[in-house]
Amino acid sequence: MSKIARRDFINGTLMAAGASMLPFKSTSQEVMAALKPSYYPPALTGLRGSHPGSKENAHSQAWAKQKNWGSTTNLKEDYDLVVVGGGLSGLSAAYFYQQEHGRDKKVLILDNHDDFGGHAKRNEHKIDGDTRLGEGGSESFEYPHEFSETVLNLLKDLGVDLDRFKTAYDADFFTRHNLGAVTYFNKRIFGENKVVKHPFCDYPGFVEGLLRPTLSYEKAAKQSPLSEKGKQQLLRVLKSDPKTLKAPKEEWQQYMRTHSYFDYLKNTLGVNDPGVLRMARHSVVDYGGAPDVMTMEEALESGALGLNYFSWRDALNEVGSDGGYIKNTNTYSVKEPFIHHFPDGNATIARMLVKKMIPDVGSGENVEEIVLSNFNYAELDKPSNSVRVRLNSTVVNVHHGGDPYSSSDVFVNYIYDNKSYQVKAKGVVMACYNMMIPHIVSDLPTKQDAALRRLSKIPLQFTTVGLKNWRALKEMGIGMAMSPGNMHQAVGMDFPISIGGYEYTKTPDDPCILHMRCCLLGETVGAPRIEQLREARYRMLGLQFRDYEVEIREHLGGMLPKDVFNFDRDVESISVNRWAHGYSYGNPGAIGRQPFGRITIANSDSVNSSLLNRAIEQAWRAIKELGK
Ligand SMILES: Cc1cc2nc3c(=O)[nH]c(=O)nc-3n(C[C@H](O)[C@H](O)[C@H](O)COP(=O)(O)OP(=O)(O)OC[C@H]3O[C@@H](n4cnc5c(N)ncnc54)[C@H](O)[C@@H]3O)c2cc1C
């Protein structure tokens, strides 16, 4: 326990250091301009994502309906545009605005976090003098060759060469080191700590190059720490195919679309073993998890337990599906490989957008050149900038100077360091979580207000762990481990990418980042998804760093061999990126995202999407709607 306290203390110190770097001055412009070069949030570890201090004001606003924020200081700052939310959509909106109206236009971007980028956040881990990069959230381009012209043009402006990833992503890494997808069963839930060299699901398939299992279903089921009945049921699930459906072939697709995955497991395959049902429930991390309330089609597209693509593809609706696996080789391989990934994920795109608009923030002229660039955050909010990024600032009110449809001014109030400030703009783009907008924008039309309130968000957690070496993973052949007994349902090596002077880990003796993924589930299996999301979000926000550390210690300590892995010796740092408001859930529709006077709405939420390309497209639409 003493070691836990020590590390808790280490991370606690870092968090406190980050906070204490914010000097207490009377106006925000002085505060931000006075940030020391040591203010560098990507290097903070501990609780990240929805970090302490980022969400309290918004929650007072949305939950406690707080209206009185004390006296407000009018900063007498006039902008052409204020953008609420400094994620990829907000940053793109600022960039598009200047592109449309001129580089001299004055833009202010406000964000409640201590770093810009929204979900696209950079995690840095310093390990024995070596800086390892990882993604705290948004990680890759998905199907970039299907991106719209708007998105491709922006990426081109930023210096992104899509073909570059074919060589930068080292797909052979896993083969060279014999690393595959496995399952880790823990003692607490399954009675013993055991690694079986089979993932039992297709979730790891998105990691290009990761080795497929060679163990037969029979052997893998036999090795699993389940009862005899459970092993038989697991085998039945693994060997399932559409012929088990009570439907003729021509109705398979429709059947998959209208029938529940868990009903299929329980009623068609007769699964009642709690271990097998738990494996099924934990086999989906993306797409918002919760296979217990998914249709069979959703479960199949998410790679859930037993729904193996090669057995089930005849029942898959390829139109609009995730693409599917195209080769039955020894590695996973999808129609368009998931290789378009920077070492810090899509944070590189956020950083490059900032660099384009605030050139003095750091060195580098394109996405590759900024990978290793150490940004100076003191440049972000200088009065001399035409674009200013103001962090740690939660917007609580946006209102027109008069009638929304004739007024030429919009006032924006935000809270920084518990004090209230006001700025003025000719137009505002709300690029924040869309369900917050009714709590912020005064006098929204009733139907629009209601449409925006229908939105929710899926909580997600991406934890990055700075490891001094990965000898234990090499010895166990683990590229990714599905972990149905643990909080993080999947843990694995980060993507093997070397670009812009950054070199991916080379040998098992070198430091690396371990990526742990968690899509939080509700306690009640089968409860409506919206209830599960809410419950999981509250639970997530109630945990302290030490709770996560205890969990991660148990996870890695139980999974990896004790003679090779020692948590206290081998783990350097942990960043728990909690996204209480992760993927969009619900659609505001055309009414929800319509302009309101001089206020327009961006963010990928506005089209019910959780994709970088949608975030950019919605920024473009919002700027176009703003007009002159
Ligand atoms: C864990 C995770 C992994 C993901 N992986 C991928 C991926 O691999 N590929 C992909 O394409 N997409 C991925 N996404 C989806 C991601 O949402 C998009 O890629 C994109 O980053 C969304 O950008 P955005 O600007 O629309 O929203 P956000 O990134 O959510 O930005 C909105 C910003 O507004 C801020 N804000 C909210 N309220 C206020 C307020 N009142 N005042 C001030 N600021 C406020 C928020 O805090 C946030 O910083 C992932 C998302 C998550 C959570």
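The values are calculated or read from the model by the stated rules, or taken from the named source; none is laboratory data. Note that the coordinates shown come from a computational prediction; the quantities given were computed from them, not determined experimentally. Methodologically, a virtual Cβ is constructed for each residue, glycine included, from the backbone with ideal geometry; neighbour enumeration extends over all protein chains shown. Quick note on the areas: whole protein, heavy atoms, side chains included, nothing else; ligands and nucleic acids left out. Shrake-Rupley method; radii C 1.70, N 1.55, O 1.52, S 1.80 Å.
Details
- Mean separation of Cα contacts under 8 Å (6+ apart) over length of the range 172-273, as relative contact order %: 21
- Förster radius 56 Å - calculated FRET efficiency between K506 and K382, Cβ distance, rounded to 0.05: 0.90
- Fully extending the segment from S216 to K126, taken as 0.36 nm per residue of separation minus the present Cα-Cα distance, adds 28.3 nm.
- In this structure the range 354-466 gives 34 Å² per residue of accessible area when probed at 1.4 Å with all protein chains present.
- In this calculation the C-beta distance from R454 to E192 is compared with R0 = 60 Å, giving a FRET efficiency of 0.85.
- Computed E for D547/T150 - FRET, C-beta separation, R0 60 angstrom, nearest 0.05: 0.90
- Pairs beyond 18 Å (Cα-Cα), from K67/K382; K105/K356; K243/K266: K67/K382
- If you take the alpha carbon atoms of the chain and fit the smallest convex hull around them, that volume is 146 Å³ per residue.
- Peptide ranges 194-205, 299-310, 436-447 listed from the most packed, as the mean C-beta count within 10 angstrom indicates: 299-310, 194-205, 436-447
- Accessible surface calculations at 1.4 Å, restricted to protein heavy atoms, place the range 232-298 at 44 Å² per residue.
- Angle between the chain longest axis and helix 347-357 axis [Cα atoms, degrees, rounded to 10]: 20
- Spin-label model, A62 to Q422: label points 7 Å out along the Cα-to-beta-carbon direction sit 2.6 nm apart.
- Listed peptides 217-230, 411-424, 77-90 by packing density, highest first (mean Cβ within 10 Å): 77-90, 411-424, 217-230
- Formal net charge of residues neighbouring F190 (Cβ-Cβ distance under 15 Å; K, R +1; D, E -1): +4
- Gain on full stretching of the segment that runs from V564 to R539 - 0.36 nm per residue minus C-alpha separation: 5.6 nm
- Here each label is just a point 7 Å from Cα along the line to Cβ, and for S406 and L75 those points are 3.1 nm apart.
- For the peptides 115-126, 242-253, 136-147, 275-286, residues were scored by their other Cβ atoms within 10 Å and the scores averaged per peptide; the highest-first order is 115-126, 275-286, 136-147, 242-253.
- The chain - percent of accessible surface contributed by carbon and sulfur, probe 1.4 Å: 51
- In the context of the full set of protein chains, the range 105-168 has a per residue accessible area of 37 Å² (1.4 Å probe).
- Looking at the chain alone, DSSP beta bridges between its own residues are antiparallel in about 65 percent of cases.
- Subtracting the Cα-Cα distance of S442 and D263 from 0.36 nm times their residue separation leaves 59.9 nm of extension gain.
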